[in-house]
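These notes concern the structure reproduced below.
All of the numbers you see were taken from the coordinates with simple rules; none came from a lab. Predicted, not measured: the structure shown is a model, and the values here were computed from it. As a convention, Cβ positions derive from the backbone with ideal geometry for all residues, glycine included, and neighbour counts pool all protein chains shown.
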Amino acid sequence: MIALIQRVTESKVVVDGETIGAINQGIMALIGVEKEDDQAKADKLLKKLLGYRIFSDEDDKMNLSLESIAGGLLLVPQFTLAADTNSGMRPSFSSAAPPAQGEALFDYLVLRAKEAYSNVEMGKFGADMKVHLINDGPVTFRLQV
């Protein structure tokens with residue numbers, strides 16, 4: 001599984017003009033699912049999302065995690081993260097999970113996140129989403145498990 005995470009001061013997902021998920025300070029994570037991914041990888045990714053230290057401490061060092069600051073976690077499905085862009089001028093999605101598998105693993109990740117953490121919001125799998133964010137820093141990392 002792939003997550004492109006961004007430290008944000010706020011973020012929201014809008015579908016058909018309606019906000020379906022929104023957070024203040026925290027992490028907005030675009031989630032990509034590949035064919036070989038499974039629930040164990042989703043669990044490992046969640047552990048990293050909650051514990052990855054990308055927030056500044058009193059010395060302005062990235063030493064604090066999402067859990068440490070009690071920030072929000074906005075999970076947004078994004079199958080294009082699994083694209084192969086190594087050759088040609090058009091991305092290939094041969095490594096991306098089929099839609100049913102991708103949706104099932106994204107839903108599993110959301111379920112586990114909500115069980116483990118109190119401030120979780122999400123986008124909608126397969127929807128035409130408008131993702132708004134204010135990237136804090138900017139701070140952006142690519143996590144892959």
Residue ID - farthest from residue 79 (Cα to Cα), chosen from residues in segment 1-29 that are surrounded by 20 or more Cβ atoms within 10 Å (Cβ to Cβ) and small (Gly, Ala, Ser):
26
Residue pairs qualifying under the 9 Å Cβ cut-off, at least six apart or on distinct chains, with the first in segment 126-145 being of a type in the set (Ser, Thr, Tyr) and the second being surrounded by 14 or more Cβ atoms within 10 Å (Cβ to Cβ) and part of a strand (DSSP E or B), are 140/4; 140/5; 140/6; 140/7
Just wondering, is there one or more residues in segment 98-121 that are more than 12 Å from the chain's Cα centre (by Cα), closer than 20 Å to residue 14 by Cα, not small (Gly, Ala, Ser) and not in a helix (DSSP H, G or I)?
yes
